[in-house]
Amino acid sequence: VNVVCELARKRPKNYVTLVPVFFTLLQNASNNWMVIKVVKLLGTLMADEPRLGRKVLPPLCNIIQTTPAKSLVYECISTVTIALTHVLKSEGDNPPNVVPVVRLCTENLQLFLTNEDQNLKYLGLVGLSSMMKCYPEAVSGCRSVILNCLQDEDITIRLRALDLLCEMVTKGNLLDVIRKLMKHASVSEDTYRHAIVERILSVCSKN
């Protein structure tokens with residue numbers, strides 16, 4: 001699995017014929033690290049076999065709901081966002097059964113953001129950024145928990161949360177978001193304060 005995973009990065013179309021084998025492994029394997037590789041591999045193969053997107057959603061959602069391994073949950077969510085891109089492209093904006101999938105992923109990513117583990121917090125923000133690109137409506141409900149990350153001790157988490165928050169700005173929430181960012185800027189140290197001001201200027205200069 002690991003060898004094919006590496007080779008598929010270069011030429012994914014060479015391994016599309018092996019999809020049934022990997023799909024069986026996805027459903028039956030008990031080794032988390034191998035399942036992570038299979039999940040990544042299926043995400044890679046979707047570029048040449050976009051129909052795979054719809055097929056992988058049920059088993060990936062099942063893993064997200066049943067595994068205690070956070071690393072596996074994250075990889076499944078990451079591949080779900082790739083799958084959703086293909087599903088939405090082929091089936092329109094609101095195909096059946098997509099909303100429960102998106103809700104499951106965003107709820108788990110929010111749990112990452114409230115975890116004490118800094119690595120999980122960071123992954124949660126990365127995951128929400130990916131979800132933002134394919135289904136932005138789902139991330140809008142996470143704004144309060146993302147705002148909380150602006151006060152995190154780790155500046156990399158603060159900056160990632162800042163970037164995500166700025167991606168979420170609309171005409172309707174612009175004033176509220178900018179007020180909150182200005183408040184953070186007034187109590188932040190130089191480097192972080194400069195980053196906040198830079199994002200404020202960038203957001204407010206858009207149409």
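A count restricted to region 177-207 and to residues that are touching a Lys or Arg at 6+ places or on another chain (Cβ under 9 Å) and open to solvent by 50 Å² or more (accessible area, probe 1.4 Å) stands at 2.
Of all residues in region 186-207, those satisfying the criterion of being part of a helix (DSSP H, G or I) and of a type in the set (Val, Ile, Thr) are THR191, ILE196, VAL197, ILE200, VAL203. Evaluating ASN31 against the criteria (1) loosely packed, with under 15 Cβ neighbours inside 10 Å; (2) within 29 Å of PRO95 (Cα to Cα); (3) free of Cβ contacts under 8 Å to residues at least 24 places away in the same chain leaves one unmet condition, (2). Applying the condition of being out of contact with any helix residue (DSSP H, G or I) (no Cβ under 9 Å at 6 or more places or on another chain) and aliphatic (A, V, I, L, M) to region 1-28 and asking which residue is farthest from VAL39 (Cα to Cα) yields VAL3. Look at region 150-165 and say how many of its residues are part of a helix (DSSP H, G or I) and more than 19 Å from SER202 (Cβ to Cβ). Matching residues across region 150-165 total 3. The set of residues in region 119-135 that are open to solvent by less than 60 Å² (accessible area, probe 1.4 Å) and either under 22 Å from GLY172 (Cα atoms) or in a loop (DSSP other than H, G, I, E, B) (or both) comprises LEU128, SER129, MET131, MET132, CYS134, TYR135. On inspection, VAL145 does not qualify as outside any helix (DSSP H, G or I) and either of a type in the set (Phe, Trp, Tyr) or surrounded by 12 or more Cβ atoms within 10 Å (Cβ to Cβ) (or both). Pairing each residue of region 97-109 that is of a type in the set (A, V, I, L, M, F, W, C) with any residue that is open to solvent by 70 Å² or more (accessible area, probe 1.4 Å), provided the two are 6+ apart or on different chains, yields C-beta distances under 8 Å for LEU104/GLN65.
Pairing residues of region 154-180 that are more than 20 Å from GLN110 (Cβ to Cβ) with residues that are open to solvent by 40 Å² or more (accessible area, probe 1.4 Å) and in a helix (DSSP H, G or I), at Cβ distances under 7 Å and at least 6 apart in sequence or on separate chains, gives ILE178/CYS204.
The values are calculated or read from the model by the stated rules, or taken from the named source; none is laboratory data. In this text the structure is predicted, and so the values were computed from the model without any measurement. Positions of Cβ are generated from backbone atoms using ideal geometry, with glycine treated the same way; all protein chains shown enter the neighbour counts. Surface areas here come from the heavy atoms of the whole protein model, side chains and all, with no ligands, DNA or RNA. Shrake-Rupley method; radii C 1.70, N 1.55, O 1.52, S 1.80 Å.
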